[in-house]
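Student: Pasting in a structure now, in structure tokens, and then I'll have a few things to ask.
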Amino acid sequence: MFHIYCPYCEELREEEEFHPKGQAHIARPTDPDTCSDEAWGDYLFFRDNPRGIHHELWVHAVGCRKFFNITRNTVSYEILETYKIGEEPRFTAEHPAGKPTEQAAAEAEAVARQEGVKA
Amino acid sequence: MSDHTLTCANVYDARPATEVPAESPLAWSYQNTGRPSVSEKSRVVLRERAMLGHLILRGGAIVLDDAVRQVLGLQLPGRPNALSHDESGERSIQWLSPDEWLLIVPGGEEFELEQRLRDALGDARDTAVKNYAIVNVGGGQTLVELEGECVRELLMKSTPYDVHPDAFPVGKGVTTVFAKSNLILRRPTEDRWELVLRRSFADYLYRWLLDAGAEYAIGVEA
Amino acid sequence: MNQSVKQPNRLGEGGRIDRARTLSFTFNGKRYTGHAGDTLASALLANGVDIVNRSFKYSRPRGIVAAGPEEPNALVQLGSTEAAQVPNVRATQQALFDGLTAQSTNGWPNVQRDVMGLVGKLGGRFMPPGFYYKTFMAPASMWMTYEKVIRMGAGLGRSPMVPDPDVYDHLNQHCDLLVVGAGPAGLAAALTAARSGARVILCDEQEEMGGSLLDSRERLNNQPAAQWAEQVLAELAECDNVTLLARTTANGYHDHHFVTLHERRTEHLGETAPVVDGYCPSRSRMHRVRAGQVLLATGAHERPLVYAGNDVPGNLVAGAVSTYIRRYGVVPGTKLVLSTSNDHAYRVALDWHDLGKASGREVVAIVDARQAPDGELVEQARARGIRIITGSAVLEAKGDKRVSGARVATIDAEAFKVTGQAETLACDTIASSGGYSPVIHLASHTGARPTWSDEVLGFVPGLVKGVHAAGSARGIHDLAEGLADGVAMAARALEALGRTAGSIELPQVDALREGAACALYQVPHEKQTLRAPKQFVDLQNDVTAAAIELATREGFESIEHVKRYTAMGFGTDQGKLGNINGMAIAARCLNKTIPEVGTTVFRPNYTPVTFGAIAGRHCRELFDPERYTALHQWHVEQGAEFEDVGQWKRPWYFPQVRAEAANGERESMAEAVARECLAVREKVGILDASTLGKIDIQGPDAREFLNRIYTNKWAKLEVGRARYGLMCRDDGMLMDDGTTSCLGENHFLMTTTTGGAAGVMEWLELWHQTEWPELQVYFTSVTDHWATMTVTGPEARKLLAEITDIDLDRERFKFMDWREGKVADVPARVFRISFTGELAYEINVQANYARHVWKTLFEHGDKYGLTPYGTETMHVLRAEKGFIIVGQDSDGSVTPEDLGMQWAVGYDKPYSWVGKRALSRSDTRRTERKQLVGLKPKDPKVVLEEGAQIVFDPDHAIPMPMVGHVTSSYYSPTLESGFALAVVKGGHRRMGEIVYLPSADGKTHAAEIVGPIFYDSKGERQHV
């Protein structure tokens, strides 16, 4: 049972209120009609299954009904941050402790949101 | 064809002009499950506020705020999960999401209110309208009030949301899980809690409340 | 001292029991008495009951070993009536109440002498791990039979066969700090947190809070330790910010500090919850706690030593003996031998000795594995003249149904051998202590690996962020240090919460200096482990040291594999007493250290939780939400049979009382459906269609959004018109369908399938929020706001005309138009949409007025033969017309083209709508895709089975290639024939071909592939 900070409701809510929607940042090819079968197949069916940091799309289904992203460690289940659609994650596989400070400062607010919900 | 269908949005008064028997979502429950009477032992009292006007407002906060102030004299709550009332306490507006609010007003006011809001928001006949939506949802939900010393414990049996006064002060409202369904939970005053139930789930939730409330001798005001 | 005649082992004074309140109880059919404050275990010991069970595998007699949740033997079945049966309750955790009835869990037909004992005796030596698998493997088909007999003999308790009369519930709790365990560390921590103003929950699994303080020899502030505990508890009870939960076990630690606590609220009062003030409170309660921080003060379990015959009744864990004496005034024997590796266990000998010679109690000897023990407790024992045998251990307990002696010899623990001649000491009780294992189960549930500490001689918990351990739970067994640790760890947790710890003055402890313990797990025997008498490691699962040794010889090197092979630490035991000893033995056999053998993982639940507590209030009528339409009462009053559609209750059919039947007998389903079908085709029927999902769509880009999300075109749909649409996922597979009406230039009303409503709503939001946020549009669910009544059949127009002001002229209100006006004086939107193929009007009114409109229709409908129909008739009628049901005729692998619905696909729409690209993938272009067709059985009386597999060649050898299946199949009263819809490989080009449907009863039906429309193929009737 996760405890998830909804970046729109601006508070921690129980997992029961949310639906997971799979891997985040899956971009639909901009011109599907000229996209190859293989590229379209990748978009439809292929997903990462990393051990460690993973970005996931969730929706606050019983709540504000907004979609947002979660950066989660698939080993410890720790949620490192939650962020709105259109925002960039601060914690990534390349920067598991957070992106370098310059970038981080701009995004610090987003991170603070999940504070206190460490696995 | 009625005139309304020529406009951008179809708006009309869903209430009959003549006297027609109407039934709240709990009508069947009262008949089938009954209404335990309120007694001195009742540490929870349930009261339905049936047939109120319920409107959903969708749009940008700034645009809607102007219209709501102008029409209702109420400020649009901008903070997440905020609930505010007018001075009479009879009209309320609640934040549901960054672009969604719930307006509850005395039954019968909702149609005129919708029209006035639409007028204030820009002419609905203008195709270059601002982006907003107003939807009458009054037939689909009902409001139930709970009062009494054991309300908080009853709520703790039912919802994973934290109902401790530190976490749930007066003037808050949230959409959350309740038993195996969901509802809107609000706290308009120190002693009173409100539940906004969806019509189709109302009977299940009513039976849940009576069952969970039995040990507090829950009573239902007719 | 006086001793009760009836309770031979009860002391005349002392303990925390109330001797003035005598309670009677029944165990294995025999009546006994005990006192208020007893557990069932202490009462059984007081009565001198040695054998409480038969062991799981070898069926050996077993007695009580421990005093807490770690008890492996005293598992009982509670309940005097069938309804009150509760299996696998630990007697050590069950408070005694008057009238308690319990039975041994194992030991069919009885504990004194049983059938399995024969197997145990005959085959005992020859029952290695994997015995059952190896012995009863062949023939495989007999395993079920073997298993039944073995299970009956082995016994695992049983469930009641009748409904439970009690109620259970859940309580959702939130706190800043959850403290698990109300012993010294937990109390100190809770007090610290309470004074800081934080929201605190303190839970403890015992009847009384206080933990080891309740039976401690130590004094705090120069008063008995229990008194300090009482003072702290009194202060905590006064705090508004503190919730105290006694009799409450923290059983599972889940993600992000979500902890489930099982509170036994009335289990100590009776076998069912007593009625209070006319209401039945919940018998037990699951607290679902979301904590900010968690402090584990779960204490430690004493490890027994592993020696031959250590399972004979009369062998106890040392600390348990003290607990029984000091807390319950029960002394479980007369002559004690203590075998220990540490100072702490000396308390047992002192407690026993101090009962006095006059009581008939004697400490025969303390057998200490260390060469030169020197702590203060050792000195106290020496001063009392107790014989201390150093450098030695109890090798073997003698006796059958009760310990009769202890064979003692000097040992070399390091070399694992006996070095001296064994001496046999006559005794009836052996207490053993191999040290203390911190209770790390909850910390382990979080996934954090424990680490071995040579200093503690045990695993200490691994801790994820926000979890703290204090006191014995992390190996700090000294009382003064444990109290200080509780305060320090609470302060750390509070700091993490952004709070400052309140001040707390620690009590003065009269500390005793303790000498160092030595590492001793399995005691060597003169014979090799495999040949020595059984030395038990896990008493509950009957795992011996020899079994572990054998497992390592058979190649099981990881402790996780050893566990699975031997069953060590399985089930309700979760390795509380045996795991560390088992790992030490595996380590010895593999010549590794304990941490090298691996760590151990514990899983929820720590102790068994009743299904009642897990289910809570979610049972019987409240098991799952039932959704009702506004017309539900009418349906019930008309005697409708209901069908579950998702959570909705929909009328399935309306059986009428047979006209000719005098006894009020009602129609069969087939009769009712035939009558309802004909009524719609010939006159007029009415359906409650309120459950269809309805979504209000407003915004300047509403139309563009529809163009992208539906497969078909929406650019030219005029205000006042409706259109059927298909919705696909981006893989091109159909996910939902329905009609959408244009209410205004920027305003649409979408309908969805009943089951798909919530999913479609989320789907629209997904695309809007993540792909097309630039589109100006809003979606609002209005499913519950509108009630929908479908009036359909040739007479529909005449009926509706009687009660509406809407112009129903067929030219001015055409098929797929919608109009608004009044129906039965209620404002309504009426849609001319047909799912039956007949003239049809879907009347939508605000749900509060639905029953009025529905009743008015019936007031006017009699003369037209108005007939209510349910979902079954709806299915027959739509299938006759070849109208699909998403999820029945499609299954997530079906494209609009597979359904032959190219007419609803806008191939040339400008935007590459959802699902379009996938329709040109190689997979979706295959000619052998399964395609929707109609099937006409050769024999018109046959109704094919839904789901039946289709083959082309019925004479093909089995397995026959299966080429499709029946998706919908009914008897049509209109066609007077069975008919079906099916998906068949390449079906669209196989019209007229014959296919075969072999059925389970051996019959094979033949059917012709035909088009999916069976009735009014030109679609004229809906246009009349």
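Student: Please determine, by comparing only the residues of the range C:268-291 that are among the charged types (D, E, K, R) and assigned to a loop (DSSP other than H, G, I, E, B), which one is farthest from residue C:615 (Cα to Cα).
Tutor: C:277
Student: Suppose the filter is touching a residue at least 24 places away in the same chain (Cβ under 8 Å), more than 14 Å from chain A (Cβ to nearest Cβ) and in contact with a strand residue (DSSP E or B) (Cβ under 6 Å, 6 or more places away or on another chain); does residue C:245 pass it? Walk me through how you get there before you give the answer.
Tutor: Values: touching a residue at least 24 places away in the same chain (Cβ under 8 Å): yes; more than 14 Å from chain A (Cβ to nearest Cβ): yes; in contact with a strand residue (DSSP E or B) (Cβ under 6 Å, 6 or more places away or on another chain): yes.
Here the answer is yes, as residue C:245 does meet what is asked.
Student: Kindly indicate whether any position in the range C:174-192 is farther than 30 Å from residue C:105 by Cβ and either assigned to a loop (DSSP other than H, G, I, E, B) or modelled with pLDDT under 95 (or both).
Tutor: Here is the first cut: in the range C:174-192, the residues farther than 30 Å from residue C:105 by Cβ are C:174-179, C:184-192.
Now drop any that are not either assigned to a loop (DSSP other than H, G, I, E, B) or modelled with pLDDT under 95 (or both), which leaves none.
No, the range C:174-192 contains no residue that is farther than 30 Å from residue C:105 by Cβ and either assigned to a loop (DSSP other than H, G, I, E, B) or modelled with pLDDT under 95 (or both).
Student: Taking the stated definitions as given, is residue C:978 at pLDDT 95 or above and under 20 Å from residue C:678 (Cα atoms)? Write out each step before concluding.
Tutor: Details: at pLDDT 95 or above: yes; under 20 Å from residue C:678 (Cα atoms): yes.
Yes, satisfied.
Student: Assuming residue C:817 fulfils every condition listed in (1) crowded, with 21+ Cβ neighbours inside 10 Å; (2) within 20 Å of residue C:722 (Cα to Cα); (3) within 11 Å of chain B (Cβ to nearest Cβ) apart from one, which condition is it?
Tutor: It fails just one condition, (1).
Student: Would you please name the residue that is farthest from the other protein chains (Cβ to nearest Cβ), looking only at residues in the range C:193-216 that are assigned to a loop (DSSP other than H, G, I, E, B) and among the hydroxyl-bearing types (Ser, Thr, Tyr)?
Tutor: First, pick out the residues of the range C:193-216 that are assigned to a loop (DSSP other than H, G, I, E, B): C:196-199, C:204-210, C:216.
Still in the list and also among the hydroxyl-bearing types (Ser, Thr, Tyr): C:196, C:216.
Values: C:196: 14, C:216: 35 Å.
The selected residue is C:216.
Student: Does any residue of the range B:149-172 turn out to be within 7 Å of chain C (Cβ to nearest Cβ), crowded, with 22+ Cβ neighbours inside 10 Å and closer than 26 Å to residue C:630 by Cβ?
Tutor: There is no residue in the range B:149-172 that is within 7 Å of chain C (Cβ to nearest Cβ), crowded, with 22+ Cβ neighbours inside 10 Å and closer than 26 Å to residue C:630 by Cβ.
Student: Check whether at least one residue in the range C:219-239 is in a loop (DSSP other than H, G, I, E, B) and buried (at least 18 other Cβ atoms within 10 Å of the Cβ), and report yes or no. Walk me through it before giving the result.
Tutor: Restricting attention to the range C:219-239, the residues satisfying the condition of being in a loop (DSSP other than H, G, I, E, B) are C:221-222, C:239.
From what's left, buried (at least 18 other Cβ atoms within 10 Å of the Cβ): none.
Scanning the range C:219-239, I find no residue that is in a loop (DSSP other than H, G, I, E, B) and buried (at least 18 other Cβ atoms within 10 Å of the Cβ), so the answer is no.
Student: Does residue C:254 satisfy the criteria of being within 14 Å of another protein chain (Cβ to nearest Cβ) and touching a residue at least 24 places away in the same chain (Cβ under 8 Å)? Before you say what the answer is, go through the steps one by one.
Tutor: Numbers: within 14 Å of another protein chain (Cβ to nearest Cβ): yes; touching a residue at least 24 places away in the same chain (Cβ under 8 Å): yes.
When the stated conditions are applied, residue C:254 passes them.
Student: Next question, about the same structure. Answer yes or no as to whether residue B:109 is farther than 22 Å from residue B:17 by Cα, out of contact with any Leu (no Cβ under 7 Å at 6 or more places or on another chain) and either free of Cβ contacts under 8 Å to residues at least 60 places away in the same chain or within 12 Å of another protein chain (Cβ to nearest Cβ) (or both). Before you say what the answer is, go through the steps one by one.
Tutor: Details: farther than 22 Å from residue B:17 by Cα: no; out of contact with any Leu (no Cβ under 7 Å at 6 or more places or on another chain): yes; either free of Cβ contacts under 8 Å to residues at least 60 places away in the same chain or within 12 Å of another protein chain (Cβ to nearest Cβ) (or both): yes.
Spelling it out, it is not the case that residue B:109 is farther than 22 Å from residue B:17 by Cα, out of contact with any Leu (no Cβ under 7 Å at 6 or more places or on another chain) and either free of Cβ contacts under 8 Å to residues at least 60 places away in the same chain or within 12 Å of another protein chain (Cβ to nearest Cβ) (or both).
Student: Of a type in the set (A, V, I, L, M, F, W, C), farther than 24 Å from residue B:200 by Cα and more than 8 Å from every other protein chain (Cβ to nearest Cβ), is that true of residue C:706? Write out each step before concluding.
Tutor: Values: of a type in the set (A, V, I, L, M, F, W, C): yes; farther than 24 Å from residue B:200 by Cα: yes; more than 8 Å from every other protein chain (Cβ to nearest Cβ): yes.
Here the answer is yes, as residue C:706 does meet what is asked.
Student: What tally of residues in the range C:642-657 results from selecting those that are assigned to a strand (DSSP E or B) and within 23 Å of residue B:206 (Cα to Cα)? If you could, list the steps in order and put the result at the bottom.
Tutor: Here is the first cut: in the range C:642-657, the residues assigned to a strand (DSSP E or B) are C:642-645, C:648-653, C:657.
Applying the additional criterion that residues be within 23 Å of residue B:206 (Cα to Cα) yields C:642-645, C:648-651.
Of the residues in the range C:642-657, 8 are assigned to a strand (DSSP E or B) and within 23 Å of residue B:206 (Cα to Cα).
Student: Taking the range C:624-654 on its own, how many of its residues are under 17 Å from residue C:787 (Cα atoms), touching a helix residue (DSSP H, G or I) at 6+ places or on another chain (Cβ under 6 Å) and buried (at least 21 other Cβ atoms within 10 Å of the Cβ)?
Tutor: 7
Student: Continuing with the same structure: Looking at (1) under 37 Å from the mean Cα position of the chain (by Cα); (2) more than 11 Å from chain B (Cβ to nearest Cβ); (3) among the acidic types (Asp, Glu), find the lone condition where residue C:771 falls short.
Tutor: Of the numbered conditions (1) under 37 Å from the mean Cα position of the chain (by Cα); (2) more than 11 Å from chain B (Cβ to nearest Cβ); (3) among the acidic types (Asp, Glu), the odd one out for residue C:771 is (1).
Student: Scanning the range C:820-856 for residues that are more than 8 Å from chain B (Cβ to nearest Cβ) and assigned to a loop (DSSP other than H, G, I, E, B), which turns out nearest to residue C:796 (Cα to Cα)?
Tutor: C:839
Student: Here's another thing I want to ask about it. Name, by its number, the condition in (1) at negative phi; (2) under 20 Å from the mean Cα position of the chain (by Cα); (3) assigned to a loop (DSSP other than H, G, I, E, B); (4) surrounded by fewer than 17 Cβ atoms within 10 Å (Cβ to Cβ) that does not hold for residue B:37.
Tutor: Of (1) at negative phi; (2) under 20 Å from the mean Cα position of the chain (by Cα); (3) assigned to a loop (DSSP other than H, G, I, E, B); (4) surrounded by fewer than 17 Cβ atoms within 10 Å (Cβ to Cβ), only one is false for residue B:37: (2).
Student: While we're looking at this one, here's another question. With the requirement that a residue be farther than 20 Å from residue C:858 by Cβ, at the interface with chain B (Cβ under 10 Å from one of its Cβ atoms) and assigned to a loop (DSSP other than H, G, I, E, B), what does the range C:611-641 give you?
Tutor: In the first step, residues of the range C:611-641 are kept if they are farther than 20 Å from residue C:858 by Cβ; the result is C:611-627.
Now narrow it down to the ones that are at the interface with chain B (Cβ under 10 Å from one of its Cβ atoms): C:616-618, C:620-627.
Matches in the range C:611-641: C:616, C:617, C:618, C:623, C:624, C:625, C:626.
Student: Hand me the list of strands (runs of 3 or more DSSP E) wholly inside the range A:1-87 holding 1 or more residues that are more than 14 Å from chain B (Cβ to nearest Cβ), under 28 Å from residue C:449 (Cβ atoms) and touching a Ser or Thr at 6+ places or on another chain (Cβ under 9 Å).
Tutor: On the way: elements: A:3-6, A:11-14, A:19-23, A:53-59, A:67-73, A:79-84.
Of the strands (runs of 3 or more DSSP E) lying wholly inside the range A:1-87, those with at least 1 residues that are more than 14 Å from chain B (Cβ to nearest Cβ), under 28 Å from residue C:449 (Cβ atoms) and touching a Ser or Thr at 6+ places or on another chain (Cβ under 9 Å) span A:53-59, A:67-73, A:79-84.
Student: Provide a single number: the residues in the range B:8-63 that are of a type in the set (Val, Ile, Thr) and more than 11 Å from every other protein chain (Cβ to nearest Cβ). Before you say what the answer is, go through the steps one by one.
Tutor: First, pick out the residues of the range B:8-63 that are of a type in the set (Val, Ile, Thr): B:11, B:18, B:20, B:33, B:38, B:44-45, B:56, B:62-63.
Going one step further and asking which of them are more than 11 Å from every other protein chain (Cβ to nearest Cβ), we end up with B:38, B:44-45, B:62-63.
Selection size over the range B:8-63: 5.
Student: Does at least one position in the range C:587-602 carry a residue that is at negative phi, assigned to a strand (DSSP E or B) and touching a strand residue (DSSP E or B) at 6+ places or on another chain (Cβ under 7 Å)? Steps first, answer last, please.
Tutor: Taking the range C:587-602 as the starting set, the residues that turn out to be at negative phi are C:587-590, C:592-597, C:599-602.
With the extra rule that they be assigned to a strand (DSSP E or B), the set shrinks to none.
No, the range C:587-602 has no match at all.
Student: Inspect the range C:365-374 for any residue being part of a loop (DSSP other than H, G, I, E, B), modelled with pLDDT under 95 and either of a type outside the set (Gly, Ala, Ser) or surrounded by fewer than 23 Cβ atoms within 10 Å (Cβ to Cβ) (or both) and give the result as yes or no. Break it down into steps so the answer makes sense when it comes.
Tutor: Residues of the range C:365-374 that are part of a loop (DSSP other than H, G, I, E, B), as a first pass: C:369-374.
Add one more test, that the residue is modelled with pLDDT under 95, and what stays is C:374.
Filter once more, so that each one left must be either of a type outside the set (Gly, Ala, Ser) or surrounded by fewer than 23 Cβ atoms within 10 Å (Cβ to Cβ) (or both): C:374.
Scanning the range C:365-374 turns up at least one residue that is part of a loop (DSSP other than H, G, I, E, B), modelled with pLDDT under 95 and either of a type outside the set (Gly, Ala, Ser) or surrounded by fewer than 23 Cβ atoms within 10 Å (Cβ to Cβ) (or both).
Student: Also: Which of the residues belonging to the range C:428-471 are farther than 30 Å from residue C:49 by Cβ and of a type in the set (S, T, N, Q)?
Tutor: Within the range C:428-471, the first condition is being farther than 30 Å from residue C:49 by Cβ, and the residues that meet it are C:438, C:440, C:442-471.
C:444, C:446, C:451, C:453, listed by residue number.
Student: If residue B:195 meets every condition in (1) facing another protein chain (nearest Cβ under 10 Å); (2) closer than 24 Å to residue A:60 by Cα apart from one, which number is that one?
Tutor: (1)
Student: Quick one: which of C:900, C:906 is in a loop (DSSP other than H, G, I, E, B) and in contact with a helix residue (DSSP H, G or I) (Cβ under 7 Å, 6 or more places away or on another chain)? Break it down stepwise before answering.
Tutor: Values: C:906 fails: in contact with a helix residue (DSSP H, G or I) (Cβ under 7 Å, 6 or more places away or on another chain).
The conditions single out C:900.
Student: Considering only the range C:739-762, how many residues are within 14 Å of chain B (Cβ to nearest Cβ), of a type outside the set (D, E, K, R) and within 20 Å of residue C:721 (Cα to Cα)? Spell out the reasoning first.
Tutor: Applying the first criterion (within 14 Å of chain B (Cβ to nearest Cβ)) to the range C:739-762 yields C:740-750, C:754-755, C:757-758, C:761-762.
Okay, now just the ones that are also of a type outside the set (D, E, K, R), so C:740-744, C:746-750, C:754-755, C:757-758, C:761.
Right, trim to within 20 Å of residue C:721 (Cα to Cα) and you get C:740-744, C:746-750.
Looking only at that region, the number is 10.
Student: Please go through the range C:240-296 and give me each residue that is within 17 Å of residue C:468 (Cβ to Cβ), over 18 Å from the mean Cα position of the chain (by Cα) and among the small types (Gly, Ala, Ser), ordered by number.
Tutor: C:291, C:292
Student: Could you grab me the full set of residues in the range C:537-572 that are under 31 Å from the mean Cα position of the chain (by Cα) and of a type in the set (Asp, Glu)?
Tutor: Selection gives C:538, C:542, C:560.
Student: Mind checking which strands (runs of 3 or more DSSP E) fall wholly inside the range C:406-513 and carry at least 1 residues that are under 30 Å from residue A:74 (Cα atoms) and within 14 Å of chain A (Cβ to nearest Cβ)?
Tutor: Values: elements: C:423-426, C:429-433, C:436-438, C:451-453, C:458-460, C:467-469.
Per the criteria, C:467-469.
The values are calculated or read from the model by the stated rules, or taken from the named source; none is laboratory data. Note that this is a predicted model, so its numbers are computed, not measured. Don't worry about glycine lacking a Cβ; one is built from the backbone with ideal geometry, like all the others, and counts go over all protein chains shown.
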